């Protein structure tokens, strides 16, 4: 006998719950699941149990208790109309055509974006080119040659004298008399320094 499977998202939408909540319920029920590509499927036999579990939870029962009770109470023949065969998923024309339409729309949107970007870039390049030309026109030609200034600049440099310190006397009191020397020795001793003024 061929086992039938239903997509997670379809069952979650029928039950009115989030996909993550549905995954949690399936984990609690320890139901048989398969994964094909990016989609997960639950076996059709589990659908009746999930419907009963959804009803019990909406009545206020905790999720763990609802899972145990739903396993015991679920009728075997409770199966909704949305059951698909496992082979029917591969190569279905309407899914392929919807995917192709989505890709076509995405490509058209991308081309529109690229067209607007290219047109804005062209406008920006044109504006920058005009600004560059205006700046070129503002640049003035260098002034005429000033002959007198060139003559001054072309003259050879004048020699610069090297600085030499002034020669100082070794004895600041040279040529002074005896009384002046004694006065300097006792009263103004700073005058007796070697380089005193």
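The values are calculated or read from the model by the stated rules, or taken from the named source; none is laboratory data. All figures in this text were calculated on a predicted structure; none of them were measured in a lab. Quick reminder, even Gly has a Cβ in these numbers, built from the backbone with ideal geometry, and neighbours come from all protein chains shown.
Taking the criterion of being in a strand (DSSP E or B), surrounded by fewer than 20 Cβ atoms within 10 Å (Cβ to Cβ) and more than 39 Å from the chain's Cα centre (by Cα), the residues of region 13-51 that qualify are 33, 43.
The residue list 85, 73, 59 contains one member that is modelled with pLDDT of 50 or more and surrounded by 10 or more Cβ atoms within 10 Å (Cβ to Cβ), which is 73. Scanning region 52-67 for residues that are part of a helix (DSSP H, G or I) and within 45 Å of the chain's Cα centre (by Cα) yields 54, 57, 58, 63, 64.
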